[in-house]
Amino acid sequence: MVLQGWTGPKKVDGEFIEGSFRSHQVPLTRAKTDPKHLEQLKEWLTSYKPEELFKKDGSPIDNILSIIPENDEKKLGQLKETYDPYVGVKVPDWKKYGVEKGSEISAMMVCGKLLDKTLQENPNTVRIFSPDELASNKLDAVFDHTGRNFQWDQFSRASGGRVTEVLSEHNCQGWMQGYTLTGRVGLFPSYESFLGIVHTMMVQYAKFSKMAQEVKWRKPIGSLNYIETSTWTRQEHNGFSHQNPSFIGAVLNLKPTAARVYLPPDANCFLSTLAHCLRSKDYVNLMVGSKAPSPVYLSVDEAEAHCRAGASVWKFASTDDGLNPDVVVVGIGAEITFEVIKAAELLLELEPNLRVRVVNVTDLMVLGTEGTHPHALTHDDFDALFTHDRPIHFNYHGYAAELKGLLFGRPQVERITVESYREEGSTTTPFDMMLLNKVSRYDVAEAALKGAAKSNEKVKLELGMKLSEIRHRVQKIKQYILENGKGMCKL
């Protein structure tokens, strides 16, 4: 029998129980076998005078039942707000905020404009809970039509601000959970390395949500929405302490019905993903993206199709539109994908005989083994995207173990290699961060050459010479960075 709390028998076996730390343990561990313990249990429980609270048949006395309101509107459990509170949000057409293909812009700056309009059109049903400066994360366009809600600040309190910004991840998480449970929609943007602070809070909420969905009378509510930016790839100025993508793994470990992890490669893809997540229900949505200016690879229509599929062949970066490749290289994450694109260019220069297919994955869950997640590709679809027999090299933003766990169970998994964040960081240049973690264009090119050499004799014939050339270039770049404290103009 487990009876925990602040009360209990006065003493058990000579030790104080009531009012002590022992009252939170099992106070009478031998009540089944020790008559003395059983008698103490009886004395303790009868001290609550159950005969004054219950009738002989075990039902509560009339005095207690009289407390229950006869009017259902006064019963908390009968109120619609407790079991079906969702009021919905009007998400603006994200395409109106799309940017030109071929341009270069911060995805966060673009999303800030979409969020600004979202807050305008939903003045009572959307809030942003931010433990970091929205300005630092490039989402400050929201302040064009709203403000921060600092209750202790005479200049911002009671002004209707929709941004609750305080340097406490725990507060922001608790507020977002409560806000979501009242039927509204919350967004939690944060520096990537510090979302892990609320890992267990998020997991406990997800467990509640899972069980709630199994109760027929409980209706769907909005998702928990996280934006993970200021990522390790561009935290070289803050150093090693600000480099930690582990929250991805926290979400991946949730029940598949809840877990959603997106790594949009550019601004248009991030807009599409953000609009989808704001509309979604009963998920834990994690969106990972860069606040730094980065290339826009896809038009708004192409981005929409790419995000709907979750992954696709990028013909513009592939050899002969990706047909009959010797090797498949895959980018997952904004900066990581950029290195894959540059690797494809480098390979075209170094080894024209090599045929490479470039794939981008924006919805991480499509990689899960068939049947393990609602978004997981079938084996046939997986082979159509990655071929059925060619080597595949993944360049991944998070930790390699996460990706390997998703891919485990796919046929011929031995043909897959993965490079990712290796827990290597420093106060250095952005490109040196790529080199330190083996996800640079040179690392991708080396992996591609090694993979292609298994089936392409022309590539195999000159493999040693090409690898030597790559390593020579890397050495020159490292030396330049060391001597100048910045990257080379031409990499």
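Restricting attention to the stretch 400-436, the residues that are in contact with a strand residue (DSSP E or B) (Cβ under 8 Å, 6 or more places away or on another chain) and either within 17 Å of His379 (Cβ to Cβ) or of a type in the set (Lys, Arg) (or both) total 5.
Which is touching a Leu at 6+ places or on another chain (Cβ under 7 Å) and charged (D, E, K, R), of Asp266, Asp282?
Values: Asp282 fails: touching a Leu at 6+ places or on another chain (Cβ under 7 Å).
Of Asp266, Asp282, the one residue that is touching a Leu at 6+ places or on another chain (Cβ under 7 Å) and charged (D, E, K, R) is Asp266.
Test Leu76 against the criterion of being surrounded by 17 or more Cβ atoms within 10 Å (Cβ to Cβ) and within 48 Å of the chain's Cα centre (by Cα), and give yes or no. So Leu76 fails the test.
Checking every residue in the stretch 413-420 against the condition of being closer than 27 Å to Phe270 by Cβ and not hydrophobic (A, V, I, L, M, F, W, C) gives at least one match.
Name the residue that is modelled with the highest pLDDT, counting only residues in the stretch 400-432 that are closer than 17 Å to Thr337 by Cβ and aromatic (Phe, Trp, Tyr). The extreme case among them is Tyr421.
On the stretch given as the stretch 387-403, residues that are farther than 15 Å from Asp443 by Cα and in contact with a Leu (Cβ under 9 Å, 6 or more places away or on another chain) total 3.
When Tyr86 is tested against (1) at pLDDT 95 or above; (2) out of contact with any Pro (no Cβ under 9 Å at 6 or more places or on another chain); (3) outside the structural domain of Gly222 (by TED's automatic domain parsing), only condition (2) is not met. Taking the conditions (1) at pLDDT 95 or above; (2) buried (at least 16 other Cβ atoms within 10 Å of the Cβ) in turn, Gln204 satisfies each one other than (2).
Each residue in the stretch 347-379 was checked for being crowded, with 21+ Cβ neighbours inside 10 Å and of a type in the set (Val, Ile, Thr), and 5 pass.
Note down all Cβ pairs under 6 Å where the first residue falls in the stretch 252-276 and is β-branched (Val, Ile, Thr), the second is not in a loop (DSSP other than H, G, I, E, B), and they're at least six residues apart or on different chains. If the second residue must be not in a loop (DSSP other than H, G, I, E, B), the pairs left are Val261/Ile248; Val261/Val251; Val261/Leu286; Val261/Leu364; Thr273/Tyr262; Thr273/Met287; Thr273/Cys307. Has the stretch 226-249 got at least one residue that is part of a helix (DSSP H, G or I), touching a strand residue (DSSP E or B) at 6+ places or on another chain (Cβ under 6 Å), buried (at least 16 other Cβ atoms within 10 Å of the Cβ) and among the small types (Gly, Ala, Ser)? No, because not a single residue in the stretch 226-249 is part of a helix (DSSP H, G or I), touching a strand residue (DSSP E or B) at 6+ places or on another chain (Cβ under 6 Å), buried (at least 16 other Cβ atoms within 10 Å of the Cβ) and among the small types (Gly, Ala, Ser). Under the condition of being among the hydrophobic types (A, V, I, L, M, F, W, C) and surrounded by fewer than 19 Cβ atoms within 10 Å (Cβ to Cβ), the residues counted in the stretch 380-415 number 6.
For the stretch 350-374, a residue qualifies if it is assigned to a helix (DSSP H, G or I) and farther than 23 Å from Pro265 by Cβ, and exactly one does: Leu350. Would you pick out the residues in the stretch 318-358 that are of a type outside the set (Val, Ile, Thr), closer than 17 Å to Asp443 by Cβ and touching a helix residue (DSSP H, G or I) at 6+ places or on another chain (Cβ under 6 Å)? Hits for the stretch 318-358 are Gly331, Glu335, Glu339, Lys342, Ala343, Ala344, Leu346, Leu347, Leu350, Glu351, Leu354.
I need the full set of residues from the stretch 19-56 which are part of a loop (DSSP other than H, G, I, E, B) and under 28 Å from Ile67 (Cβ atoms), in order please. First the steps, then the outcome.
Initial filter on the stretch 19-56 (part of a loop (DSSP other than H, G, I, E, B)): 19-20, 25-34, 47-49, 53, 55-56.
Hits for the stretch 19-56 are Ser47, Tyr48, Lys49, Leu53, Lys55, Lys56.
Residues that are free of Cβ contacts under 8 Å to residues at least 40 places away in the same chain and either under 29 Å from Val163 (Cα atoms) or basic (Lys, Arg) (or both): which helices (runs of 4 or more DSSP H) entirely in the stretch 61-149 hold 1 or more of them? Don't jump to the end; show me each part of the working.
Values: elements: 62-65, 80-83, 107-121.
Those helices (runs of 4 or more DSSP H) span 80-83, 107-121.
Suppose we filter the stretch 150-170 for residues that are in a loop (DSSP other than H, G, I, E, B) and within 27 Å of Tyr97 (Cβ to Cβ); how many remain?
Residues of the stretch 150-170 that are in a loop (DSSP other than H, G, I, E, B), as a first pass: 150-162, 166-168.
The next check asks that each one be within 27 Å of Tyr97 (Cβ to Cβ); those that pass are 156, 159-162.
Count: 5.
If the condition is being out of contact with any Leu (no Cβ under 7 Å at 6 or more places or on another chain), outside any loop (DSSP other than H, G, I, E, B) and under 24 Å from Pro256 (Cα atoms), then the stretch 404-443 contributes Lys404, Gly405.
Can you tell me which residue within the stretch 1-18, out of those that are assigned to a strand (DSSP E or B) and free of Cβ contacts under 8 Å to residues at least 24 places away in the same chain, is surrounded by the fewest Cβ atoms within 10 Å (Cβ to Cβ)? Lay out the reasoning, then the answer.
To start, the set of residues in the stretch 1-18 that are assigned to a strand (DSSP E or B) comprises 11-12, 15-16.
From what is left, the residues that are free of Cβ contacts under 8 Å to residues at least 24 places away in the same chain are 11, 15-16.
On the way: Lys11: 14, Glu15: 10, Phe16: 14.
The qualifying residue surrounded by the fewest Cβ atoms within 10 Å (Cβ to Cβ) is Glu15.
The values are calculated or read from the model by the stated rules, or taken from the named source; none is laboratory data. Keep in mind the model is a prediction, meaning the values are calculated, not measured. So basically every Cβ, Gly included, is an ideal-geometry build from the backbone, and we count neighbours across all protein chains shown.
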